[in-house]
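Engineer: Below are the structure tokens for one structure; questions will follow.
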Amino acid sequence: MSRPIQALIDLSALEHNLSVVRHYAPRSRVMAVVKADAYGHGLLRAADALKRAEGFAMLEIDAAVRLREAGYRQTILLLEGFFSMAELAWIEQYHLSTVVHHHEQLAMLSAYRAHGRLDVFLKLNTGMNRLGFTPEQFHAALETLKVNSFVGQITLMTHLARADESAGNESVAAQLQCFNAVAEARNLPRSLANSAAILRCPDTHADWVRPGIMLYGASPFADRTAKELDLHPAMTISSKIIAVQQLKSGDGVGYGHMFRADRPMRIGIVAGGYADGYPPYR
Ligand SMILES: Cc1ncc(COP(=O)(O)O)c(C=O)c1O
């Protein structure tokens, strides 16, 4: 007998949400972020629903290869890049694109002898402070790529830390200014916007937008619901009540008694928890 909890995936919702991305960023190419098995929706299933996107982005090279082998011909970008020379050979063989965000990757790329050319997204850290070269390091990194005859198209990218805050916020403006100052004199394609920036910061759209969460039907904002943004949920979790408890006023429920009854009540226990991907009660 199988457990009653189920995740139902609505592929038409993914397709619809991609059309919402197009509505907000009509002049940009779309790099659909499908990392972590398409945020748990199933990579190949999600990719089929998102097949009109001009590119896919993910972290895992084996997933990227699977996507290529499934017949997708568009750009497939590795958001953390590669971790060894061996992976560079895979990147070349499967015609993947790679982020380059630190010196070790630059050095491996310089040592690699390719048969063709590898497309690179060079990442600038403009304030997210996770991945990317500092503005001071950026020009040297770019020059290293430019003199490498095995590097093909170079795209400049960054990632925005606080685009989910109110429109026109200063953090996005500062990151954009930092990015533009570095990218200004370079006639290269650019990519900055995640879901929140697609929806709220049109001046960040540039050549490629990189939606993740909005494709799956969730709002990136605390102050606007998915429904208000016309995003459709791609996943619905359903389950059943498998036990009923009668509580007295003051009784606690679950780990740490996080829920406490403020009156006598009857409660239903639904099969499902954080191992199923359902967030713990807070
Ligand atoms: C580099 C990069 N771009 C885009 C995204 C998509 O972001 P979001 O889910 O906020 O749209 C992610 C996700 O973490 C990311 O790491």
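Engineer: Within the stretch 178-201, can one find any residue that is within 15 Å of the ligand (Cβ to nearest atom) and either surrounded by fewer than 15 Cβ atoms within 10 Å (Cβ to Cβ) or at positive phi (or both)?
Structural biologist: no
Engineer: Within the stretch 153-172, take every residue that is small (G, A, S) and either loosely packed, with under 13 Cβ neighbours inside 10 Å or touching a Pro at 6+ places or on another chain (Cβ under 8 Å) (or both) and give me the one that is nearest to L88 (Cα to Cα).
Structural biologist: Of everything passing the filter in the stretch 153-172, A163 is nearest to L88 (Cα to Cα).
Residue by residue, here is whether (1) aliphatic (A, V, I, L, M); (2) modelled with pLDDT of 95 or more holds:
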site: M1; (1), (2): yes, no
site: Q6; (1), (2): no, no
site: D10; (1), (2): no, yes
site: A13; (1), (2): yes, yes
site: Y24; (1), (2): no, yes
site: V33; (1), (2): yes, yes
site: G42; (1), (2): no, yes
site: K51; (1), (2): no, yes
site: G55; (1), (2): no, yes
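Engineer: Which one of these does A206 not meet: (1) part of a helix (DSSP H, G or I); (2) hydrophobic (A, V, I, L, M, F, W, C); (3) surrounded by 11 or more Cβ atoms within 10 Å (Cβ to Cβ)?
Structural biologist: So A206 meets the others, but not (1).
Engineer: Being within 15 Å of the ligand (Cβ to nearest atom) and of a type in the set (S, T, Y) is the filter here, so list the residues in the stretch 8-37 that pass it.
Structural biologist: Within the stretch 8-37, Y24, S28 qualify.
Engineer: Hey, another quick one. Given the criteria closer than 30 Å to S97 by Cβ, within 15 Å of the ligand (Cβ to nearest atom) and not hydrophobic (A, V, I, L, M, F, W, C), does G277 qualify?
Structural biologist: Judged against the criteria, G277 is not a match.
Engineer: With closer than 30 Å to A38 by Cβ, at pLDDT 95 or above and hydrophobic (A, V, I, L, M, F, W, C) as the only criterion, which of M265, M214 stands out?
Structural biologist: Result: M214 is the single residue among M265, M214 that is closer than 30 Å to A38 by Cβ, at pLDDT 95 or above and hydrophobic (A, V, I, L, M, F, W, C).
Engineer: Continuing with this model, one more query. Can you confirm whether the stretch 1-18 contains a residue that is surrounded by 23 or more Cβ atoms within 10 Å (Cβ to Cβ) and either in contact with a Pro (Cβ under 6 Å, 6 or more places away or on another chain) or not in a helix (DSSP H, G or I) (or both)?
Structural biologist: No: zero hits.
Engineer: Scan (1) closer than 25 Å to G212 by Cβ; (2) assigned to a helix (DSSP H, G or I); (3) of a type in the set (V, I, T) for the single condition T144 breaks and write down its number.
Structural biologist: (1)
Engineer: Determine whether G268 is more than 22 Å from the chain's Cα centre (by Cα) and of a type outside the set (S, T, N, Q).
Structural biologist: When the stated conditions are applied, G268 passes them.
Engineer: The conditions are (1) surrounded by 14 or more Cβ atoms within 10 Å (Cβ to Cβ); (2) charged (D, E, K, R); (3) in contact with a Leu (Cβ under 9 Å, 6 or more places away or on another chain), and D251 fails exactly one of them. Which is it?
Structural biologist: All conditions are met except number (3).
Engineer: Now for a separate question. Show me the helices (runs of 4 or more DSSP H) found entirely inside the stretch 21-76 where at least 3 residues are open to solvent by 30 Å² or more (accessible area, probe 1.4 Å), farther than 18 Å from L11 by Cβ and free of Cβ contacts under 8 Å to residues at least 60 places away in the same chain.
Structural biologist: Output list reads 61-69.
Engineer: Looking at the stretch 131-143, can you tell me whether even one residue there is open to solvent by 50 Å² or more (accessible area, probe 1.4 Å), modelled with pLDDT of 95 or more, farther than 17 Å from H95 by Cβ and within 16 Å of the ligand (Cβ to nearest atom)?
Structural biologist: For the stretch 131-143, residues open to solvent by 50 Å² or more (accessible area, probe 1.4 Å), modelled with pLDDT of 95 or more, farther than 17 Å from H95 by Cβ and within 16 Å of the ligand (Cβ to nearest atom): present.
Engineer: Against the definition (under 30 Å from P202 (Cβ atoms), among the small types (G, A, S) and touching a His at 6+ places or on another chain (Cβ under 7 Å)), how does S28 come out, yes or no?
Structural biologist: Criteria met by S28.
Engineer: Additional query: Restricted to the stretch 209-228, and to residues that are open to solvent by 60 Å² or more (accessible area, probe 1.4 Å) and among the charged types (D, E, K, R), which residue is nearest to the ligand (Cβ to nearest atom)?
Structural biologist: Ranking the candidates gives R224 first.
Engineer: Scan the stretch 195-205 and tell me whether some residue there is aliphatic (A, V, I, L, M) and in contact with an Asp or Glu (Cβ under 6 Å, 6 or more places away or on another chain).
Structural biologist: Yes.
The values are calculated or read from the model by the stated rules, or taken from the named source; none is laboratory data. Treat the numbers as computed from the prediction; the structure is a model and nothing was measured. Please note: Cβ atoms are built from the backbone with ideal geometry, for glycine as well, and neighbour counts cover all protein chains shown. The accessibility values were calculated without ligands, DNA or RNA, using every heavy atom of the protein model including side chains. Shrake-Rupley method; radii C 1.70, N 1.55, O 1.52, S 1.80 Å.
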